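S.K.: Dumping the structure here so I can ask a few things about it.
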């Protein structure tokens with residue numbers, strides 16, 4: 001089911017951990033509204049900016065046909081958030097994933113020859129930082145996170161009427177913050 005023009009409730013609630021432990025990861029109606037707000041005011045804006053930056057241009061010697069934002073973690077029930085600890089992750093007890101206000105994602109470029117390229121997380125992080133600084137995008141928080149050999153970008157956007165646009169940027173390693181850069 002589409003929650004915005006380019007994002008579905010299924011991709012925003014998918015969880016390998018929930019499947020593994022047969023745990024519910026169904027959002028409430030309030031969470032669905034919050035997810036829609038996150039999509040409309042963060043993900044769709046980010047997608048538009050990425051398209052303007054890359055589509056029709058040459059990147060790594062190839063012409064970019066499309067840009068995809070692949071959600072790696074969206075909404076998480078409190079149960080799923082707790083189960084992540086069993087998996088060796090360090091989820092926050094107050095994670096905005098549990099309210100529908102946060103997403104982890106990767107950016108994938110699709111070239112005209114059909115090949116795909118995952119934009120490096122550090123590059124995605126820097127683009128977001130630049131767009132927030134210029135006023136083109138609003139975030140509460142943007143984290144470039146690393147745990148073991150895994151990297152991801154995490155962005156949060158407060159629910160309707162509560163956005164403070166903290167413009168907080170952090171890089172983390174194994175759940176420990178090592179750079180705190182507020183624009």
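The values are calculated or read from the model by the stated rules, or taken from the named source; none is laboratory data. Quick caveat: nothing in here was measured; it's all calculated off a predicted structure. Reconstructed Cβ throughout: ideal geometry from the backbone, glycine too, with neighbour counts over all protein chains shown.
S.K.: Among the residues of region 127-151 satisfying the criterion of being touching a residue at least 12 places away in the same chain (Cβ under 8 Å) and in a strand (DSSP E or B), which is surrounded by the most Cβ atoms within 10 Å (Cβ to Cβ)?
M.R.: The residue in question is 142.
S.K.: Spot the failing condition for residue 25; the list is (1) out of contact with any strand residue (DSSP E or B) (no Cβ under 7 Å at 6 or more places or on another chain); (2) part of a helix (DSSP H, G or I); (3) surrounded by 18 or more Cβ atoms within 10 Å (Cβ to Cβ), and only one is missed.
M.R.: (2)
S.K.: Can you name every residue in region 1-22 that is closer than 17 Å to residue 82 by Cβ and not in a helix (DSSP H, G or I)?
M.R.: Answer for region 1-22, where residues must be closer than 17 Å to residue 82 by Cβ and not in a helix (DSSP H, G or I): 15, 22.
S.K.: Can you work out which of the residues in region 54-84 that are assigned to a helix (DSSP H, G or I) and either at positive phi or in contact with a helix residue (DSSP H, G or I) (Cβ under 7 Å, 6 or more places away or on another chain) (or both) is modelled with the lowest pLDDT?
M.R.: The qualifying residue modelled with the lowest pLDDT is 84.
S.K.: So which of 90, 97 ends up being surrounded by fewer than 18 Cβ atoms within 10 Å (Cβ to Cβ), within 23 Å of residue 125 (Cα to Cα) and either in contact (Cβ under 8 Å) with a residue 60 or more places away in the chain or touching a helix residue (DSSP H, G or I) at 6+ places or on another chain (Cβ under 8 Å) (or both)?
M.R.: Of the residues listed, the single one that is surrounded by fewer than 18 Cβ atoms within 10 Å (Cβ to Cβ), within 23 Å of residue 125 (Cα to Cα) and either in contact (Cβ under 8 Å) with a residue 60 or more places away in the chain or touching a helix residue (DSSP H, G or I) at 6+ places or on another chain (Cβ under 8 Å) (or both) is 90.
S.K.: Residue under question is residue 58, and the condition is that it be free of Cβ contacts under 8 Å to residues at least 24 places away in the same chain, closer than 21 Å to residue 150 by Cβ and over 14 Å from the mean Cα position of the chain (by Cα); does it hold?
M.R.: Here the answer is no, as residue 58 does not meet what is asked.
S.K.: Between 50, 46, which is in contact with a strand residue (DSSP E or B) (Cβ under 6 Å, 6 or more places away or on another chain) and surrounded by 15 or more Cβ atoms within 10 Å (Cβ to Cβ)?
M.R.: Every option except 50 fails the conditions.
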